[in-house]
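Rule-based calculations on the coordinates, nothing more; no lab input. Values in this document were obtained by computation on a predicted structure and should not be read as measured data. Backbone-built Cβ (ideal geometry, glycine too); neighbour counts: all protein chains shown.
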Amino acid sequence: MDRKSQSRSELKFISGKRHYLLYADKDGYPYLRPIVDELIKNNLPFELIFNVDREHDVIERLSGQKMGCYLYAAGHWNMIERLNRSAEGVGFSTEEMQLMMTSGEPKTVFCSRCHKIQQAKDSGMTCTHCGLELSVSEHYSSYHKAYLGYPV
Amino acid sequence: MKKVIQETPRIKRFLLSPEEGFRLPAFSAGSHITTYVSGRECHYSLVSSPEDRKVYELAVLLEEGSKGGSLYWHHHIHEGDQVDISDPKNHFPLSDRAKHHIFFAAGIGITPFMAMMAQLRANSGSFELHYAARSKDQCAFYEDIVRQYPGESQFYFSKDNCRMTPEILEKQPIGTHVYFCGPEAMINQFSNAAKSNGYPEGSIHFERFAPKKPTDPKSFEVELKKSGRILNVPEDETLLDVILRAGIRAPYSCRVGECGTCELQVLKGEIDHYDSCLTEGEKREQNVMLACVSRALSSKLVLNV
């Protein structure tokens, strides 16, 4: 994911793309609204999907996209996690998407470099102790009571 | 030198095997080696499959007007000769994130893609090749490609008025990475087309065999801050050549402005960037430059050397 956008309070509009794909839930849509306005103002092609389809439908829609597609999403942690996993799985790179978590439980994360434990609200974050950019994995340690954060 | 094959009127293939008892270092597709012949360092892509540790294969184009490496290779290297080479280095690797790879080759630019296609075939990777040449008889590896990759390759012979165009880049599925190797104009045209089609920078890969040519090269001075030495860089030499000749042990590798090994800190002066390694932001900051290709817009640069 684009780590810089996750730590900001707004998504950044990226011009020069052939098609824009946007996902939002009720809480996330206000954060996507400026992007939608920009797309309409510039008469750019986009699809806006409210609430994430079933996983199979998400993968089908994402894998049908062409190079030049840009993915935006804003919403609950669960939706963002699913979209991130599916998008990376079909070939989206971090340069081709911005995903913002707007609600959900913060995770406890174990930094793989300094081993400090901290809270995370996004699936990507910067370690508050050593500054390493981390991707929060699904690997959970019952000993540390935290998810493993590995270097990006 | 195990074998020499005349591949086309201007391209020869050279198969190198190690001395008795030695095994060649492993390499990844896209790698090149430096060869040391006739007092010159020449870089050539490894054409052979990375699966084969017994032979390295190169293909050398006899450059028009060559007075150096390619001329020596074509006229003075024979089977049985001993040749000194470096370990392989890779500034042009396959992306491990790509779902599909598209190779665009022009002329001798086919060489890195031969190893890439072999590696992908061995690992069941998805790829296609688009290869432009003047004609079939000037198309290196034509028979090998048709035999090994009939469903993945497309040829464009300019003698038949058949041109390779950037329209191929349109409507490619998400996860596609594109790779370009050939003349400067071809790399620029296709890279720009990829960006216009919305491809992110990380999905666009290219390898130059020659550095970008400065539009109007002028001589300039450099002051080496740590020693106080002043050197002059003539219009027909690179900064790297001048500082190496002055006995400074500056690191370098590709010599075409791609790998970043020769990066130097600039303390004062205006840099004229010709590399394809630094980001636009780094170039704007005007405090680092690649010595192998970049020059000065001001009459003098002060380097932290």
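Arranged by the count of other C-beta atoms within 10 angstrom, fewest first, what order do B:M1, A:M79 take?
Ranking B:M1, A:M79 by Cβ neighbours within 10 Å, fewest first, gives B:M1, A:M79.
Quick one: compute the contact order of segment B:30-185, relative version, from alpha carbon pairs under 8 angstrom and 6+ residues apart, as a percent.
25 percent
For Cα pairs less than 8 Å apart in space and 6+ apart in sequence, what is the mean separation divided by the residue count of segment B:142-290, i.e. the relative contact order in percent?
14 percent
Only sites in a loop by DSSP and with at most 15 other Cβ atoms within 10 Å count here; which trypsin sites (Lys or Arg not before Pro) in segment B:145-177 make the cut?
Those that pass, being in a loop and sparsely packed, are B:R163, B:K171.
Using a Cα-Cα cut-off of under 19 Å, which lysines could be cross-linked to B:K12, ignoring same-chain neighbours fewer than 8 residues away?
B:K2, B:K3, B:K67, B:K136
Limiting things to C-alpha atoms, what are the Rg and the maximum Cα-Cα separation (Dmax) for segment B:115-245, in angstroms?
In Å, with Rg to one decimal and Dmax whole: 20.4, 61.
Give me the dipole magnitude in Debye, nearest 20, for segment B:141-297 about the Cα centre, with unit charges on the beta carbon: positive for Lys and Arg, negative for Asp and Glu.
Charge dipole of segment B:141-297: 340 debye, to the nearest 20.
Using the beta-carbon distance between B:D137 and B:E237 and R0 = 30 Å, what value does 1/(1 + (r/R0)^6) give for FRET efficiency, to the nearest 0.05?
0.20
Can you classify segment B:28-94 as rounded, prolate or oblate using the Cα gyration tensor, where a ≥ b ≥ c are the square roots of its eigenvalues, rounded means a/c under 1.5, and otherwise it's prolate if a/b beats b/c and oblate if not?
prolate
Could you grab the relative contact order for chain B? Cα pairs under 8 Å, six or more apart, rounded to a whole percent.
Values: 599 pairs, mean separation 40.2, N = 305.
Reported relative contact order: 13 percent.
In terms of the Cα gyration tensor, with a ≥ b ≥ c the square roots of its eigenvalues, is segment A:1-103 rounded because a/c is under 1.5, prolate because a/b exceeds b/c, or oblate? Don't jump to the answer; show the numbers that get you there.
On the way: a/c = 1.34, a/b = 1.07, b/c = 1.25.
Rounded is the answer for segment A:1-103, as its axis ratio a/c remains below 1.5.
Out of segment B:209-305, which GluC sites (Glu not before Pro) are coil in DSSP terms and have no more than 14 other C-beta atoms within 10 Å?
Listed in order of number, the matching sites are B:E235, B:E237, B:E270.
Tell me the volume per residue, in Å³, of the convex hull enclosing the alpha carbons of segment B:1-117.
Cα-based convex hull of segment B:1-117, divided per residue, equals 107 Å³.
Using all C-alpha to C-alpha distances in the protein assembly as shown, build P(r) with 20 Å bins and read off the rounded percent in each one.
Values per bin, smallest distances first: 21, 46, 30, 3.
Once you put a point 7 Å from the Cα of A:H56 and another 7 Å from the Cα of B:N161, both along the Cβ direction, what distance in nm separates them?
Result for the modelled spin labels: 5.2 nm.
To the nearest 20 Debye, how big is the dipole of the protein assembly as shown about its Cα centre, given +1 on the beta carbon of each Lys and Arg and -1 on that of each Asp and Glu?
For this selection, approximately 540 debye.
If exposed trypsin sites (Lys or Arg not before Pro) are those in a DSSP loop with at most 10 other Cβ within 10 Å, what is the longest stretch of chain A that has none?
A:55-144
Past the 24 angstrom mark, what percentage of all C-alpha to C-alpha distances in chain B do you count?
On the way: 26221 of 46360 pairs.
That fraction is 57 percent.
Suppose we keep just the DSSP beta bridges with both residues in chain A; what percent of those would be antiparallel, to 5?
About 40 percent, rounded to the nearest 5.
FRET efficiency for B:R121 and B:I168, Cβ-Cβ distance as r, R0 = 30 Å, nearest 0.05?
Computed FRET efficiency for B:R121 and B:I168 comes out at 0.90.
Under the rule of -39500 (n - 2.57) per DSSP H run of 4 or more residues, summed and divided by the residues of the protein assembly as shown, what mean residue ellipticity at 222 nm is obtained, to the nearest 500 deg cm²/dmol?
Working: 10 runs with 94 residues, N = 457.
-6000 deg cm²/dmol, from helical runs alone.
Determine the dipole magnitude for segment B:204-279: charges of +1 sit on the beta-carbon of Lys and Arg, -1 on that of Asp and Glu, nothing else is charged, the reference point is the Cα centre, and the result goes in debye to the nearest 20.
320 debye
For the pair B:D87 and A:T128, what calculated FRET efficiency results from E = 1/(1 + (r/R0)^6), where r is the Cβ-Cβ distance and R0 = 35 Å, to the nearest 0.05?
Once rounded, the FRET efficiency stands at 0.25.
For segment A:101-152, which chymotrypsin sites (Phe, Trp or Tyr not before Pro) are in a loop by DSSP, counting at most 14 other Cβ atoms within 10 Å?
On the way: sites: A:F110, A:Y140, A:Y143, A:Y147; in loops: A:Y143.
Loop-located and lightly packed - A:Y143.
Just report the Cα centroid separation between segment A:50-73 and segment B:1-57, whole Å.
A separation of 45 Å, based on Cα centres.
For B:C292, A:C127, what's the fewest-to-most ordering of other Cβ within 10 Å of each Cβ?
Lowest to highest Cβ neighbour count: A:C127, B:C292.
Using a simple spin-label model with points 7 Å from Cα along the Cα→Cβ vector, what separation in nm is obtained for A:K12 and B:I248?
It works out to 3.4 nm between the two label points.
Would you work out which of B:M1, A:V36, B:I248 lies farthest towards the positive end of the dipole of the protein assembly as shown, given +1 charges on the beta-carbon of Lys and Arg and -1 on that of Asp and Glu, about the Cα centre?
B:I248
How would you classify segment A:44-152 from its alpha-carbon gyration tensor, with a ≥ b ≥ c the square roots of the eigenvalues: rounded for a/c under 1.5, else prolate if a/b is greater than b/c, otherwise oblate?
Prolate is the answer for segment A:44-152, as a/c is 1.5 or above and a/b outweighs b/c.
Pairing the Cα long axis of helix B:111-122 with the longest principal axis of chain B, what angle in degrees results, from 0 to 90 and rounded to the nearest 10?
Orientation of helix B:111-122: about 50 degrees from the principal axis.
Going by C-beta contacts inside 10 Å, put A:S15, B:S70 in order with the fewest on the left.
A:S15, B:S70
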